[in-house]
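What follows is calculated from the coordinates using simple rules that are stated; it is not laboratory data. Quantities reported herein were computed from a predicted structural model and do not represent experimental measurements. Using ideal geometry, Cβ is built from the backbone for each residue, glycine included, and neighbour counts are taken over all protein chains shown.
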Amino acid sequence: MDNFKNFLLLLWGAFFVFIIFQIISHFRYLQKLKKLKSTPLPQNLKKYIENLPQYQKLNEKQKRILEYKIQRFLLEKNFIPVNINLNDEIKTLIAFYACLPSIAYIDFCYPNLKNIYIYPHPVILKNLQNGYVVQEEEIIEGEATGENVIIAWDEAKKEIHHPNFRNVIIHEFAHQLDAADGVIDGIPPIETSKYNEWVKIMFGEYKKFKQKTLKNRFLGKFSLIDKYAATNEAEFFAVMSEYYFMKPQILKKHFPDIYKELKNFYKIEFI
């Protein structure tokens, strides 16, 4: 009986020590984050982003917030290279475009995301179900699935240094934002009072675009949009997010209602 009591005491003691250790570790981590908020991005990393057009359009306060978010992202996430040499440039640029869409949400750092897998080229994936191929192989430049994001670096780098409307990093992290409320459905976490307007505008424009792509004619202004956006509402949101950050003038001119909804959500402009 005494041995059993001693065992229980030992067990409770170990549990108590574990809890204290967790509390201390969490406190130290919070202190580290607090320090990061007042720590500029080191110049050896800042050099990779300071000439990017999106960074240059930020005011000083926004730059400070983004630099904090980048440092936190680099601290918290695992960057896993697959047949590619991982370096500071790759990590910093991915962190920049990952954090840019969430700049208005200072303490949001993709809590469900753990790993970023970086491939040198687009990845060929097989869609499997119970071990059987159920669809044709798919070539992807990026993918966001739960706690993982895949980025094909050659494509991402090309889009950064020769910008058009496409940016695979923004696209995949728009999906991550979309998933923050528990489901990827084209509706990111928005205020309840703005839900109906979001659905009316975003889903309404998506349906128009979907119908026009099915007919493949009379596209009009919708010819400006990548047809991949017609896949579903979630892809429509992600593609429109690419336009919002990469070609905001075009989006605002041709789709002012979509632009307004994205502006209300992202709470930042690049025009």
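With each pseudo-label sitting 7 Å past Cα toward Cβ, what's the Asn196-Phe270 distance in nm, one decimal?
So the label points at Asn196 and Phe270 sit 3.3 nm apart.
Label Lys46 and Lys263 with points 7 Å out from Cα along Cα→Cβ: what is the distance between them in nm?
3.0 nm
Counting other C-beta atoms within 10 Å, and keeping those with at most 16, which DSSP coil GluC sites (Glu not before Pro) do you find in segment 222-271?
Values: sites: Glu233, Glu235, Glu242, Glu261, Glu269; in loops: Glu269.
Taking segment 222-271 and a limit of 16 other Cβ atoms within 10 Å, the loop GluC sites (Glu not before Pro) found are Glu269.
Using just the alpha carbons, could you tell me how many Å³ per residue the convex hull of segment 185-271 encloses? Before the final figure, lay out each step's value.
Values: hull volume 6.9 nm³, N = 87.
Once divided by residue count, the hull of segment 185-271 is 80 Å³.
Counting other Cβ atoms within 10 Å, which GluC sites (Glu not before Pro) in segment 48-93 have at most 15 and lie in a DSSP loop? Walk me through the numbers before you get to the answer.
Details: sites: Glu50, Glu60, Glu67, Glu76, Glu89; in loops: Glu50.
Listed in order of number, the matching sites are Glu50.
Gln56 to Lys227: extension gain in nm, 0.36 nm per residue of separation minus the Cα-Cα distance? The partial results should precede the final answer.
Details: separation 171, 0.36 × 171 = 61.56 nm, distance 3.04 nm.
Full extension of this stretch gives 58.5 nm more.
For segment 185-271, what relative contact order do you get, as a whole percent, if you take Cα pairs closer than 8 Å and at least 6 residues apart? Could the numbers behind the result be given before it?
On the way: 66 pairs, mean separation 25.0, N = 87.
That works out to 29 percent.
If I take R0 = 22 Å and measure r between the Cβ atoms of Ile84 and His161 in this structure, what FRET efficiency does the formula 1/(1 + (r/R0)^6) give, to the nearest 0.05? All intermediate terms of the calculation are to be shown ahead of the outcome.
Working: r = 17 Å, r/R0 = 0.77.
Efficiency for this residue pair is about 0.85.
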